[in-house]
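Comments concern the structure below.
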Amino acid sequence: MVSADRRLFFLPRTSLQLSSVFFFICVTLLLLVNLRAVESYHRPNIVLILTDDLDIAIGGLSPLNKTKRLIGDAGISFTNAFVASPLCCPSRASILTGKYPHNHHVINNTLEGNCSSPAWQKSQEPATFPALLQNYAGYQTFFAGKYLNEYGNPDAGGVEHVPLGWDYWVGLERNSKYYNYTLSINGKAQQHGADYSKDYLTDVLANMSLDFLAYKSNYRPFFMMISTPAPHSPWTAAPQYQDRFKDTKAPRDPNFDVHGKDKHWLIRQAKTPMTNSSVDFLDDAFRKRWRTLLSVDDLVEKVVKSLEVRGELDNTYVFFTSDNGYHTGQFSLPLDKRQLYEFDIRVPLMVRGPNIKANQTSQMQVANVDLGPTILDIGGYNVNNTQMDGMSFLPVMEGKVNSTTWRTDILVEYEGEGHDTSDPACPVLGPGVSECFPDCVCEDSYNNTYACVRTIASSADLQYCEFDDNEVFVEVYNITADPYQLKNIAKSIDQEVLEKMNHRLMMLQSCSGQSCRTPGVYEARFKFDPRQMFSGHRPGVGRVRRTPK
């Protein structure tokens, strides 16, 4: 009788061969699975902290001392970070998709403007960078805070809808609030009231983020996105911070309460000097905005300290930025964020993480369409496999790219909103205006529709913008000579420069994916072909609409 442990050797030769092949395949597959798990386990973790309406041009970072120390001083600060659109929903869509507005088709903060609409959910959410991180890079993903302004709208699935790409979902219904709001906790509504200890949203987001860090899997890398309400209106500070900055006023920079006589009509309609009531209002708003940021500063400290205590900080990238800038009194506009100027399109951006040296400052131009590609690059996913318009700035952070090989321009797009009827407080301005103040100064209109090329190169720091209005208005600024954009040089700049910038704008407005990364006017590789130009070009033709609020 043959013992059991020897029977294998008495099997026919063919059976032995088949068994060996099967055994080899199993071992190989097991090794591949284990190698993939090990590779995924050692990938860096990523945290993105996104604020709402945080400027950099008028001192928005001033209250954030902990954030500057824990992220900026510990890593790299970008002084030329811009948004693709100076409005919440289009900008956030650009962050998530890595695309310019003309490619993700979110044009304003309304459901009709594609903000968190069923069309957005079907066409864009499957290809956001969190979905790619989750599906192809093995990341566990967590979101907490404001997503898109119309998220939770019953006509778009309500709070039961959990966007693709998120393992753990804590989504704010609609727009920024601090109290009396609804959260979607993985698709189930959670009501919050006005008790500071339980309901103050910035603190709630901080605590839920700490819970995620405590209970997540330790065997997979994670991506965590925290999207705070601050410093968006209604500017409700935590009780302990309500008396801070009592003597603070909005900065009186050279463009404060100055009439923009050479700018487009919406700026020209502003009253200069502003009324005392408008100045008092914007100063009060400025203080309140800063007060809300102190809780954001606390949130950043809690998250960074938690990562440090858990031993994960050295293997974690931490990004801090905003969806758009803000203005308070510039060119006599009381307050908003929908204009083409530096104060509205330039945002803070600080990053710390592996292989990023501390105390760095970079002047190289980055945009929020680059955040998705950069985070995917960190996660080991090839951005060329996507349709994203942006590019990874990971090599910039690691010191592997210099200004001579980096891009020189990005695109900024905005499509104005306005009412079909005249504003009762401002009948003289006629139909089409919106965001109007009691003294009849309006911050937006349906034909406040523009596209800009923002150029930063060793030989030029320019902004070129065209409006889709009856004037086909053009604004051009030499930021080097005129950092506050007081003088529109469209009528005095060299005609050849105008033609090249117009050509570049046309190319960017029709770009998609790789074609958005072609050389700019001030790059040596740029080729100017006037045959590609045509007369009467106006950006966004056929896209202008008047959207009721």
Take residue 420 and tell me if it is open to solvent by 50 Å² or more (accessible area, probe 1.4 Å), among the charged types (D, E, K, R) and not in a strand (DSSP E or B). yes
Which of the strands (runs of 3 or more DSSP E) contained wholly in the range 160-245 include at least 2 residues that are open to solvent by 60 Å² or more (accessible area, probe 1.4 Å)? 188-192
The lone exception for residue 377 - which of (1) closer than 30 Å to residue 138 by Cβ; (2) charged (D, E, K, R); (3) in contact with a strand residue (DSSP E or B) (Cβ under 6 Å, 6 or more places away or on another chain) it fails: (3)
Within 29 Å of residue 63 (Cα to Cα), surrounded by 14 or more Cβ atoms within 10 Å (Cβ to Cβ), of a type in the set (Lys, Arg) and touching a residue at least 40 places away in the same chain (Cβ under 8 Å), is that true of residue 288? yes
Has the range 436-444 got at least one residue that is among the charged types (D, E, K, R), open to solvent by 40 Å² or more (accessible area, probe 1.4 Å) and touching a strand residue (DSSP E or B) at 6+ places or on another chain (Cβ under 7 Å)? no
Selection within the range 367-403 - more than 18 Å from residue 133 (Cα to Cα) and of a type outside the set (Asp, Glu): 367, 395, 396, 397, 399, 400, 401, 402, 403
Kindly evaluate residue 223 against the criterion of being of a type in the set (Phe, Trp, Tyr) and either modelled with pLDDT under 95 or under 27 Å from the mean Cα position of the chain (by Cα) (or both). yes
Can you run down the residue pairs with Cβ atoms below 8 Å, 6 or more apart or on separate chains, where the first is in the range 425-439 and on the phi > 0 side of the Ramachandran plot and the partner is not in a loop (DSSP other than H, G, I, E, B)? 430/422; 432/445; 435/336; 435/442; 435/443; 435/444
The range 481-506, residues that are surrounded by 15 or more Cβ atoms within 10 Å (Cβ to Cβ), free of Cβ contacts under 8 Å to residues at least 40 places away in the same chain and either in a loop (DSSP other than H, G, I, E, B) or over 25 Å from the mean Cα position of the chain (by Cα) (or both): 482, 489, 490, 493, 497, 498, 500, 502, 503
Anything in the range 308-352 that is of a type in the set (A, V, I, L, M) and either modelled with pLDDT under 95 or within 29 Å of residue 396 (Cα to Cα) (or both)? List them, or say none. 309, 313, 318, 340, 345, 347, 349, 350, 351
Conditions (1) open to solvent by 10 Å² or more (accessible area, probe 1.4 Å); (2) of a type outside the set (Gly, Ala, Ser); (3) in contact with an Asp or Glu (Cβ under 6 Å, 6 or more places away or on another chain): number failed by residue 369: (1)
Residues 374, 361: which one is at pLDDT 95 or above, over 28 Å from residue 279 (Cα atoms) and open to solvent by less than 10 Å² (accessible area, probe 1.4 Å)? 374
Which one is nearest to residue 50 (Cα to Cα), of the residues in the range 72-83 that are in contact with a helix residue (DSSP H, G or I) (Cβ under 7 Å, 6 or more places away or on another chain) and either open to solvent by 10 Å² or more (accessible area, probe 1.4 Å) or of a type in the set (A, V, I, L, M) (or both)? 83
When the residues of the range 111-128 are filtered to those that are of a type in the set (S, T, N, Q) and in contact (Cβ under 8 Å) with a residue 40 or more places away in the chain, which remaining residue is surrounded by the fewest Cβ atoms within 10 Å (Cβ to Cβ)? 121
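Residue-wise test of (1) more than 19 Å from the chain's Cα centre (by Cα); (2) at pLDDT below 95.
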| residue | (1), (2) |
| --- | --- |
| 18 | yes, yes |
| 43 | yes, no |
| 47 | no, no |
| 51 | no, no |
| 81 | no, no |
| 98 | no, no |
Going through the range 303-334 in order, the residues found to be surrounded by fewer than 17 Cβ atoms within 10 Å (Cβ to Cβ) and of a type outside the set (Asp, Glu) are 305, 309, 310, 311, 315
Test: residue 51 is of a type in the set (Ser, Thr, Tyr) and open to solvent by less than 10 Å² (accessible area, probe 1.4 Å): yes
Complete set of residues in the range 256-278 that are open to solvent by 10 Å² or more (accessible area, probe 1.4 Å) and assigned to a loop (DSSP other than H, G, I, E, B): 257, 258, 259, 261, 262, 269, 271, 272, 273, 274, 275
For residues that are in a strand (DSSP E or B) and either surrounded by fewer than 22 Cβ atoms within 10 Å (Cβ to Cβ) or within 23 Å of the chain's Cα centre (by Cα) (or both), tally how many sit in the range 423-433. 1
Of all residues in the range 129-159 being part of a helix (DSSP H, G or I) and open to solvent by 30 Å² or more (accessible area, probe 1.4 Å), the one that is farthest from residue 211 (Cα to Cα): 155
Among 511, 452, 516, which is the only one that is open to solvent by less than 70 Å² (accessible area, probe 1.4 Å) and either in a strand (DSSP E or B) or among the basic types (Lys, Arg) (or both)? 452
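The values are calculated or read from the model by the stated rules, or taken from the named source; none is laboratory data. All values reported here derive from a predicted model rather than from experimental measurement. No Cβ is skipped: glycine too gets one built from the backbone with ideal geometry, and neighbour counts run over all protein chains shown. Surface areas here come from the heavy atoms of the whole protein model, side chains and all, with no ligands, DNA or RNA. Shrake-Rupley method; radii C 1.70, N 1.55, O 1.52, S 1.80 Å.
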